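**Student:** I have a structure I would like to understand better, so I am pasting it below and will then ask my questions one at a time.
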Number of protein chains: 4
Amino acid sequence: MSWNTFGRVLRFTTWGESHGPALGAVVDGCPPRIALSESDIQPFLDARRPGQSRFTTQRQEADLVRILSGVFEGQTTGTPISLMIENTDQRSKDYSEIAQAYRPGHADYAYDAKYGIRDYRGGGRSSARETAARVAAGAIARLIMPEVAITAYVCELGGDEIDREAMNLDEIGNNAFFCPDAAAAQRWEEKVDAARLAGSSLGAIVECVATGVPAGWGAPVYAKLDSDLAAAMMGINAVKGVEIGDGFAAARLSGEENADPMYPAEAGSNQGAPRFGANHAGGTAGGITTGQPVVCRVAFKPTSSILTPVDSITSEGEATQLRTKGRHDPCVGIRGVPVVAAMMALVLADHKLLHRAQVAKR
Amino acid sequence: MSWNTFGRVLRFTTWGESHGPALGAVVDGCPPRIALSESDIQPFLDARRPGQSRFTTQRQEADLVRILSGVFEGQTTGTPISLMIENTDQRSKDYSEIAQAYRPGHADYAYDAKYGIRDYRGGGRSSARETAARVAAGAIARLIMPEVAITAYVCELGGDEIDREAMNLDEIGNNAFFCPDAAAAQRWEEKVDAARLAGSSLGAIVECVATGVPAGWGAPVYAKLDSDLAAAMMGINAVKGVEIGDGFAAARLSGEENADPMYPAEAGSNQGAPRFGANHAGGTAGGITTGQPVVCRVAFKPTSSILTPVDSITSEGEATQLRTKGRHDPCVGIRGVPVVAAMMALVLADHKLLHRAQVAKR
Amino acid sequence: MSWNTFGRVLRFTTWGESHGPALGAVVDGCPPRIALSESDIQPFLDARRPGQSRFTTQRQEADLVRILSGVFEGQTTGTPISLMIENTDQRSKDYSEIAQAYRPGHADYAYDAKYGIRDYRGGGRSSARETAARVAAGAIARLIMPEVAITAYVCELGGDEIDREAMNLDEIGNNAFFCPDAAAAQRWEEKVDAARLAGSSLGAIVECVATGVPAGWGAPVYAKLDSDLAAAMMGINAVKGVEIGDGFAAARLSGEENADPMYPAEAGSNQGAPRFGANHAGGTAGGITTGQPVVCRVAFKPTSSILTPVDSITSEGEATQLRTKGRHDPCVGIRGVPVVAAMMALVLADHKLLHRAQVAKR
Amino acid sequence: MSWNTFGRVLRFTTWGESHGPALGAVVDGCPPRIALSESDIQPFLDARRPGQSRFTTQRQEADLVRILSGVFEGQTTGTPISLMIENTDQRSKDYSEIAQAYRPGHADYAYDAKYGIRDYRGGGRSSARETAARVAAGAIARLIMPEVAITAYVCELGGDEIDREAMNLDEIGNNAFFCPDAAAAQRWEEKVDAARLAGSSLGAIVECVATGVPAGWGAPVYAKLDSDLAAAMMGINAVKGVEIGDGFAAARLSGEENADPMYPAEAGSNQGAPRFGANHAGGTAGGITTGQPVVCRVAFKPTSSILTPVDSITSEGEATQLRTKGRHDPCVGIRGVPVVAAMMALVLADHKLLHRAQVAKR
């Protein structure tokens, strides 16, 4: 099957291939009378845009978004918002090799096994270019919940973790890695340069934190907030793992260590939420938010496109070897940061609306 | 919101509280003319059943399933299958303490924040008893895809991993931990006994492998197989992390290390799928199966119910302390094994049907 | 496929066959803290219950509903409400004839063509007994929107219309036909008696009016209120046509005749809605309510079960003749009245919640 | 809420306003390897296109469709197909009158009541221009089921019915009314001319017949084929009634008259379906197709835009009068014909895929 819609009441549908004329998203269910123009969306696309440093792919895309519907006189109308981004750098190149053989680690073989046809130009629909549409949609989701702030950053790159003590969110914009630890960012420059020059690649872990989320969002039991976040993150290209709160580390704690004790609310707390002594849970209990920050971590595998030849087969099943030339991110996790943040926004905004469907006064 | 249905074309809806008269599942979309009786379901419920060893909760539940609809003369008819399990051990007890205060780490506060009301008897809807309904539904999912075999086991308990070299799937049934490593199982006996006697609790990691899955299942891009698996697993009570294939470890590999080279198919391979040199990807690429085993790992936090008093608040917001007495699993991950396997089955069966919706010949 | 769930955010799933042990509904998404007990539901089931006059089937069913989940201390908790009705009058009878031949006008052949198996006892899942579950769910829907009042009645039976001038809603409960015109009810007694004694059957038209619906419910463009109502009504057993407002008659009006002029709101109007000079539209425009009464008309075909032999075929495709003996409604439209009202309630309550998902203040 | 997606496994999402830059549809779930280009879609848009005779609106739109994704080397790839149609005749005009007052019979007031904002230019999202996107999507649906042929036509206009004896489907293309009766078409010329010159408008009834549909499509009980067709048709702008088979007339038949007797299959029948003596049911029983032609009738109200002033109110609630100038269809039902056919195709193709999800061999 093909299933290109995400969300329950705030839903978005994306379309487009890496080397087609354009890609886009249709965002449905957005509340009316929210001020919206392209300039609310473009900065997020700019953050994800390729070609901004030597540490990401050299594909050059302006990634300019156009709003084609759903906005009237500067405000959302409640009707579907169609967003379109034209592909401008569909560099004409020789695809004959990957047209006839499957790139290991890519979706080439799987798409062919499923559909009996694949658009081999840059991976077609399986290309991470699709995530531009998510980032655009995510910008709208943020406007739906001004009470929530979302921050994402790389917390580990090629096995090298940030120093949590030295963490400073203001640093995120100061380096090419969305890294909140200046010293780590410097180390990573060398790491990524080395991988890039060797035609190799690196994995990374992205952490995302949403603050200001009131207690009560989430929909037990099959649309738990954690569950929807896990789906949202695991569906991003190259993602292989998702954690909420302490995640896998929680499996190594005792019940006493993992406890998040509660204390009476402090004045000025997030909508009267209690004070918590810890946040091992990552902001949810039973799939419902507790008023604590929602914390999620996402593992990106190393980019599959490497210069080292790897054994593979042709579409006729014959043995061959492939090395993936062309413009690639040496660490796809870096540009995953704005995508992770966008998916967090889209899940939370959907749950804000879902929650009030059931419990709003009017 | 409340969202108690899972799946896209094979859908199941569960209902019921820990201490209500019964719980159940309605399974919709099951293909017709599959032989089905209670005896196909009961063994899976028996595997999950509490009270079978000193390492799990002492609640005694027969967990006998009844099929109330959708089966005629021993075969599914294609209409909804209603499954019901009566609660028999709703031990009358004094709930006054947890009626008035929130158990830390439990969903008590979150449910109250959301709904303004909660069934405090045993956690009500947030109780892990709900997973009995999933296990029952999962047994039906297995029958929909006889070509697929699913195995799940605990691969780490309280931070103590199995020895992969010593792993033997035949051992899984020989101990109380669903552990495929006899030596580890012995060590875990002591570990869990110690935790149990101390009124403490332990986390665990459950691994699940599905073999026989043909290439081509999965639905890009928002119903990727990985994405649906992540949602399915993260929605299980006490789960905080999900990995596909190498998961977080993949973020620490280089592109060369993470490559899954492909070789021409061997005679008798799974539906003509190529041979792979490794399975770092865990059986999927681009959200679609490759014909390799689908591999998933799930992190369970330690049971939140412990005897050590933890700071908390009352429903009026006053400071208090709570220690959770009663019958509890010292390591909820153990009984999570049949639940993880059931969710794997439900996701795969749904995708089998989804896949043929789009590409079946007839 | 099998698709036994209805609704978007207020969703209900029904299960059960005519001659199985029980049938039921799981209602999901109901707001919390609504007072609910069996006694809120039973009166609606009693109105639909068979065997109450000589004009309906003589099957005797107590149709007693049990609430199995979702209610705690007399209030809804926001979790799924499981409703169960046991089948008590599954009269043992000889089904050999319909087991081997298809009753014309019934779903026997269609189910067999689809599934290759059918529960032939009383029509199995295709029996109108399924509508008991809808009526039970509908009772809950009504409680979600106390501002709305729903009335349904037969406005035409066997081609004989009520006199709109003589219409009196208080009469509906005074006769066996849910007829708001006492004189028509008397004529219908004879009509239905004659059909019953001749082993024949009659069609009917049911009208349903919802008042108190505020302006603004509905979800353009593929969940228009009209659209969801049409689906809800056309899915009731034996229904062949649905109209909103003037319906087919509107196709014979000129634009001037069909206009619904608007005037400034009167004091005390339904949430400040304007006054309308007419209601040809039946309470909606562009799929959204206008504050006028929502009006819907539903055509029921005559019961297919008649004593006159009709040509048919056996499941082996051989020619045969069938006359349907047994207990049947001579006019299935009569007992359709509570079902139509229930579906109206379920659609409106769903849209109340959907509407506030998108536009609620909080 | 806003809900712009239709379908269950073959899903399409439409977007765009009457006077925005463009409108479009994203079609998801289409099977792969179907030959598709703009030339497969354009003829259907041309049939719906305005300005082709004096009997329809004089708005001039080329309605040229572009495929932006989902097709590679002339074949569908199984990924979402994005279709875009630019609006070229957004004639600059003075909207001040309808910006400040509600056109009776239009969705102006309802949209404002719902959203607190409306795009008043040509009705914005509530304009029938949206149906161009459905017609484009419908062209793809037809290609998914080459075994099915769909014909639609006006069978009644302004209360004047065609002569069923004189009906000739070949006539449909020979007149401006999609009328299968040449004599009626001539009478209608006068009728529509008179209405047009008087600034009045007329209603119409459109009939749609699908042949070649095998027995077994449909999804009991809440996605019955009839139910989905009713939703599909009732959601078309200006539609107020839907019938399947004999529809409301069936409510006036006796059980004997309404019987559809069955006879053994004839050689060469539609997939071995039995022969039926009549088709009062319109091709379905229990919501599942029987192999007979699927027959549906749809009532269009007269266009609400008329030159006669009608009482209305301003957005401030003050009394006013409005006469709708500008370019309008004197009988919107005429251009509804390709839309009805498209919706029939979309529902049937969805059910083809849904059916094989549950019962396909592979």
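The values are calculated or read from the model by the stated rules, or taken from the named source; none is laboratory data. All values reported here derive from a predicted model rather than from experimental measurement. FYI the Cβ positions are ideal-geometry reconstructions off the backbone, even for glycines, and counts take in every protein chain you see. Only protein heavy atoms, including side chains, enter the accessible area calculation; ligands, DNA and RNA are left aside. Shrake-Rupley method; radii C 1.70, N 1.55, O 1.52, S 1.80 Å.
**Student:** Which of the residues that make up the stretch D:312-328 are open to solvent by less than 50 Å² (accessible area, probe 1.4 Å), more than 9 Å from chain C (Cβ to nearest Cβ) and not hydroxyl-bearing (Ser, Thr, Tyr)?
**Tutor:** Within the stretch D:312-328, just D:322 meets the criteria.
**Student:** If you check B:299, B:278, which single one turns out to be more than 23 Å from the chain's Cα centre (by Cα), over 30 Å from residue D:28 (Cα atoms) and modelled with pLDDT of 95 or more?
**Tutor:** The match here is B:278.
**Student:** Another one. Residue check: is residue B:147 farther than 22 Å from residue B:57 by Cβ and more than 15 Å from the chain's Cα centre (by Cα)?
**Tutor:** yes
**Student:** Of the conditions (1) more than 22 Å from the chain's Cα centre (by Cα); (2) more than 9 Å from chain D (Cβ to nearest Cβ), residue C:192 satisfies every one except a single condition; which number is it?
**Tutor:** Single failed check for residue C:192: (1).
**Student:** Among the listed residues B:23, B:83, which satisfies the condition of being in a strand (DSSP E or B), more than 18 Å from residue D:358 (Cα to Cα) and within 14 Å of chain A (Cβ to nearest Cβ)?
**Tutor:** Selected residue: B:23, the only one of B:23, B:83 that is in a strand (DSSP E or B), more than 18 Å from residue D:358 (Cα to Cα) and within 14 Å of chain A (Cβ to nearest Cβ).
**Student:** Of everything in the stretch A:170-179, what is open to solvent by less than 60 Å² (accessible area, probe 1.4 Å) and part of a helix (DSSP H, G or I)? Give them in sequence order.
**Tutor:** Those that are open to solvent by less than 60 Å² (accessible area, probe 1.4 Å) and part of a helix (DSSP H, G or I): A:171, A:172.
**Student:** Same structure, new question: For a quick check of your reading of the model, give me the residue pairs whose first member lies in the stretch D:51-72 and is aromatic (Phe, Trp, Tyr), whose second is open to solvent by 20 Å² or more (accessible area, probe 1.4 Å), with beta-carbon atoms closer than 6 Å and at least 6 apart or on different chains.
**Tutor:** D:55/D:176
**Student:** Mind telling me which of the residues B:17, B:61 ends up being of a type outside the set (A, V, I, L, M, F, W, C), within 14 Å of another protein chain (Cβ to nearest Cβ), closer than 22 Å to residue C:70 by Cα and more than 17 Å from the chain's Cα centre (by Cα)?
**Tutor:** Exactly one of B:17, B:61 is of a type outside the set (A, V, I, L, M, F, W, C), within 14 Å of another protein chain (Cβ to nearest Cβ), closer than 22 Å to residue C:70 by Cα and more than 17 Å from the chain's Cα centre (by Cα), namely B:17.
**Student:** Here's something else I'd like to know. Restricting the first residue to the stretch D:1-12 and requiring it to be closer than 20 Å to residue D:111 by Cβ, which pairs with a second residue that is in a loop (DSSP other than H, G, I, E, B) and among the hydrophobic types (A, V, I, L, M, F, W, C) meet a Cβ separation below 9 Å and a spacing of at least six or different chains?
**Tutor:** Pairs found: D:1/A:9; D:1/C:9; D:2/A:30; D:3/A:9.
**Student:** Follow-up. If I ask for residues that are facing chain D (nearest Cβ under 9 Å) and at positive phi, which ones from the stretch C:276-308 would you list?
**Tutor:** C:282, C:286, C:287, C:291 - these are the residues of the stretch C:276-308 that are facing chain D (nearest Cβ under 9 Å) and at positive phi.
**Student:** If you don't mind, there's one more thing I want to ask. From the set of residues in the stretch D:335-362 that are free of Cβ contacts under 8 Å to residues at least 12 places away in the same chain and among the charged types (D, E, K, R), which is least open to solvent (accessible area, probe 1.4 Å)?
**Tutor:** The selected residue is D:356.
**Student:** Conditions first: (1) β-branched (Val, Ile, Thr); (2) buried (at least 20 other Cβ atoms within 10 Å of the Cβ); (3) more than 29 Å from residue B:356 (Cβ to Cβ). Residue C:14 passes all but one, so which condition is the exception?
**Tutor:** Evaluating residue C:14 over (1) β-branched (Val, Ile, Thr); (2) buried (at least 20 other Cβ atoms within 10 Å of the Cβ); (3) more than 29 Å from residue B:356 (Cβ to Cβ) leaves (3) as the failure.
**Student:** Residue C:38 passes all but one of (1) of a type in the set (D, E, K, R); (2) more than 8 Å from every other protein chain (Cβ to nearest Cβ); (3) closer than 26 Å to residue B:111 by Cα; (4) surrounded by 18 or more Cβ atoms within 10 Å (Cβ to Cβ); which number fails?
**Tutor:** Answer for residue C:38: the failing condition is (4).
**Student:** Return the pair list, or none, for Cβ contacts closer than 7 Å from residues in the stretch D:115-128 that are without any contact (Cβ under 8 Å) to a residue 40 or more places away in the chain to residues that are open to solvent by less than 20 Å² (accessible area, probe 1.4 Å) and in a loop (DSSP other than H, G, I, E, B), at least 6 apart or on different chains.
**Tutor:** D:115/A:32; D:115/A:77; D:115/A:78; D:116/A:32; D:117/A:32; D:117/A:77; D:118/A:77
**Student:** Now a separate question. If you scan the stretch C:103-112, which residues turn out to be surrounded by fewer than 24 Cβ atoms within 10 Å (Cβ to Cβ) and more than 23 Å from the chain's Cα centre (by Cα)?
**Tutor:** Once the filter is applied, which keeps residues that are surrounded by fewer than 24 Cβ atoms within 10 Å (Cβ to Cβ) and more than 23 Å from the chain's Cα centre (by Cα), the stretch C:103-112 yields C:103, C:112.
Here's the yes/no breakdown for (1) of a type in the set (Phe, Trp, Tyr); (2) out of contact with any strand residue (DSSP E or B) (no Cβ under 6 Å at 6 or more places or on another chain):
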{"position": "D:30", "(1), (2)": "no, no"}
{"position": "D:34", "(1), (2)": "no, no"}
{"position": "D:37", "(1), (2)": "no, yes"}
{"position": "D:40", "(1), (2)": "no, yes"}
{"position": "D:51", "(1), (2)": "no, yes"}
{"position": "D:62", "(1), (2)": "no, yes"}
{"position": "D:72", "(1), (2)": "yes, yes"}
{"position": "D:103", "(1), (2)": "no, no"}
{"position": "D:106", "(1), (2)": "no, yes"}
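**Student:** Would you please name the residue that is nearest to the other protein chains (Cβ to nearest Cβ), looking only at residues in the stretch D:202-227 that are of a type in the set (Gly, Ala, Ser) and in contact with a Pro (Cβ under 7 Å, 6 or more places away or on another chain)?
**Tutor:** Looking at the filtered set, the residue picked out is D:203.
**Student:** Looking at (1) surrounded by fewer than 24 Cβ atoms within 10 Å (Cβ to Cβ); (2) out of contact with any Ser or Thr (no Cβ under 7 Å at 6 or more places or on another chain); (3) at pLDDT 95 or above, which is the one condition that is false for residue A:135?
**Tutor:** It is condition (1) that residue A:135 fails.
**Student:** Next question, about the same structure. For the stretch D:114-130, how many residues are buried (at least 24 other Cβ atoms within 10 Å of the Cβ) and part of a helix (DSSP H, G or I)?
**Tutor:** 8
**Student:** Which condition breaks for residue B:146 when tested against (1) in contact with a helix residue (DSSP H, G or I) (Cβ under 9 Å, 6 or more places away or on another chain); (2) open to solvent by 10 Å² or more (accessible area, probe 1.4 Å); (3) not basic (Lys, Arg)?
**Tutor:** Of (1) in contact with a helix residue (DSSP H, G or I) (Cβ under 9 Å, 6 or more places away or on another chain); (2) open to solvent by 10 Å² or more (accessible area, probe 1.4 Å); (3) not basic (Lys, Arg), only one is false for residue B:146: (1).
**Student:** With respect to the numbered conditions (1) in contact (Cβ under 8 Å) with a residue 24 or more places away in the chain; (2) away from chain C (no Cβ under 11 Å), which one is the sole condition not fulfilled by residue D:96?
**Tutor:** Unmet for residue D:96, out of (1) in contact (Cβ under 8 Å) with a residue 24 or more places away in the chain; (2) away from chain C (no Cβ under 11 Å): (1).
**Student:** Could you check the stretch D:74-101 and list, in sequence order, the residues that are surrounded by 19 or more Cβ atoms within 10 Å (Cβ to Cβ) and at pLDDT 95 or above?
**Tutor:** Matches in the stretch D:74-101: D:76, D:77, D:78, D:79, D:80, D:81, D:82, D:83, D:84, D:85.
Quick grid of which residues meet (1) over 22 Å from the mean Cα position of the chain (by Cα); (2) facing chain C (nearest Cβ under 7 Å):
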residue: D:229; (1), (2): no, no
residue: D:266; (1), (2): yes, no
residue: D:274; (1), (2): yes, yes
residue: D:310; (1), (2): yes, yes
